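The structure under discussion appears below in the form of structure tokens.
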Amino acid sequence: MDRLDRALAIATDRRRVLAGLGFGGLGLGGATLAAPALAEQLARLGFLGARDERPLTTAFPGKGSMILQRATPPLLETPMAVFDRDVFTPNDQFFVRWHYADIPTAIDVEKFRLKIRGAVGRPLSLSLARLLRMPRIELAAVNQCSGNSRGFFAPRVPGAQWGHGAMGNARWMGVRLRDLLDLAGVRAGATAVRFAGLDRPATPGAPDFAKTLAIDHARDGEVMLAFAMNGEQLPLLNGFPIRLVVPGWYSTYWVKMLDDIEVLTGADEQYWMAKAYKIPTAPRANVAPGTKDFPSVPINRMVPRSWVTSLAPGQTIGFTPTIPIGGIAMGGDHGAARVEVSADGGRRWQRAVLGPDRGRYGFRRWDAEVPLRGRGRATLLSRCWNSAGVAQPTVANWNPSGFMRGVIEATDIVIA
Ligand SMILES: Nc1nc2c(c(=O)[nH]1)N[C@H]1C(S)=C(S)[C@@H](COP(=O)(O)O)O[C@H]1N2
Ligand SMILES: [Mo]
């Protein structure tokens, strides 16, 4: 048995998997979680003209130190320093976002079944043991919330005021969605595939969280059902026992605790596709601030982004003629191909050295040695081009939902 199978231990040692959930008596509900979280330590997210302090918490099962955005349902952000350590984000500091608070606190892995139904020749109800016997793939991909960095939108927009940490990169292992669809036999006339998980709306009548991909996308051989992340079973809050992984696309499609796959023969008219997570059709989902009416489409592919992670905003360092800086880049729906950096707010740019390519949908490390002009404030910038030639633009996009931020990000430091 290899390391992963031991870690998963689903087929052979049920008690270990259940114990691995680690929920104990904690529960996900209410103030009990928020109270211990209001500890001494605060994180600053760096928004201008708005409250940007958040408590750090270790109160959530399977999670280490996280920035608490909201306790119920849980919204936990990854501190930026985590991204400086490795291009893969550790599972215990991987961000968490749920729409509804009614989330199972334990999963019986023997009773769990994944249903595949709708326009298929053979509806299926598959156990985890069965899924674990299917051919596996593993790929690195960034899971990024559509609203990541919303707190930096100017003018400001309503919604969770995330810093840049509503994202993470992992090696996802699981089975191809295409293989499962082939097993069930997709019928002629199928147009799309809808995904839903075990979480339930907190209020009766609210729409169950469900997301849909076009049939060709669902069958592209990259969209997968992951049962492992970074070589371990998924943390419960990241979708144990299985979640959808949609490389290059925003995480709203990465349905967690996935237990229901439905092949559709028409458009998905339900709330989470037809109303929520819509972006302007304009390039970069960009409209003039304040615009409310615009043609829209469901959010889809990610765009290139990059960050300085070796220094924190506001950090003071002593003067030397040059300093090393480093960070991470992502290419969005293509690989990160090139990164340039500036230490003087964009007057002079130089090429950064890219770290190894660990998968085109993942983070890529970059490093550079940049000159300092003197004491005082210095603005560090990084700019990523993806392999399709798309670069981070110099001017931020805006839309009323605060989705899909894509712009050269600035890190201001102090040279003493
Ligand atoms: N079942 C389920 N899956 C879900 C969601 C949800 O509310 N329920 N939220 C989605 C959104 S909007 C995000 S940003 C990601 C967050 O993934 P993570 O918590 O593993 O980081 O899960 C996605 N999958
Ligand atoms: Mo999200």
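Which part of segment 385-404 falls in the paramagnetic zone of residue 220, meaning amide N under 17 Å from the point 7 Å along Cα-to-beta-carbon? The answer is 386-390, whose backbone nitrogens lie closer than 17 Å to the label point. Positive end of the dipole of the chain (Cβ unit charges, origin at the Cα centre): among 327, 118, 189, the Cα lying farthest that way belongs to 189.
When you restrict to C-alpha pairs under 8 Å that are six or more residues apart and normalise by the size of the chain, the relative contact order lands at 15 percent.
Backbone geometry of segment 239-248 corresponds, through the Karplus equation with coefficients 6.51, -1.76 and 1.60 at θ = phi - 60°, to 3J(HN,Hα) couplings of x, 3, x, 9, 9, 7, 10, 10, x, x Hz, x marking Gly and Pro.
The simple Förster model, with R0 at 45 Å and r as the Cβ-Cβ distance, assigns residue 187 and residue 42 a FRET efficiency of 0.25. Each Lys or Arg adds one and each Asp or Glu subtracts one; over the other residues with Cβ under 15 Å from the Cβ of residue 48, this totals +2. When only alpha carbons are used to place a centre, segment 342-407 and segment 116-192 end up 28 Å from one another. A 1.4 Å probe run over the chain, with the rest of the protein chains in place, finds 41 Å² accessible per residue.
Quantify, in whole percent, the carbon and sulfur part of the accessible surface of segment 113-298 (1.4 Å probe; protein heavy atoms only). Carbon plus sulfur share of accessible area: 54 percent.
Amide hydrogen proximity for residue 171: with H placed 1.01 Å from N in the peptide plane, the residues at 5 or more positions away or on another chain lying under 5 Å are 230. Peptides 220-228, 125-133, 258-266 ordered by packing proxy, namely the average of other Cβ atoms within 10 Å per residue, highest first: 220-228, 258-266, 125-133. Here the sum of -39500 (n - 2.57) over DSSP H runs of 4 or more residues, divided by the residues of the chain, equals -2500 deg cm²/dmol at 222 nm, to the nearest 500.
Neighbours of residue 150 by Cβ distance under 9 Å: Lys/Arg scored +1, Asp/Glu scored -1, total +2. This model, with +1 at the C-beta of Lys and Arg and -1 at the C-beta of Asp and Glu, gives segment 133-184 a dipole about its Cα centre of some 60 debye.
For the pair residue 394 and residue 267, a Förster radius of 35 Å applied to the C-beta separation gives a FRET efficiency near 0.40, rounded to the nearest 0.05.
For the chain, the Cβ-based charge dipole about the Cα centre amounts to some 300 debye (Lys, Arg positive; Asp, Glu negative; other atoms uncharged).
Taking packing as the residue-averaged number of other Cβ atoms within 10 angstrom, the listed peptides 243-255, 155-167, 106-118 run from highest to lowest as 243-255, 155-167, 106-118.
The values are calculated or read from the model by the stated rules, or taken from the named source; none is laboratory data. Because the structure is predicted, anything quoted here is derived from the model rather than measured. Because the Cβ atoms are built from the backbone with ideal geometry, glycine has one as well, and the counts that use them run over all protein chains shown. Remember, those area values only see protein heavy atoms, side chains included, never the ligands or the DNA or RNA. Shrake-Rupley method; radii C 1.70, N 1.55, O 1.52, S 1.80 Å.
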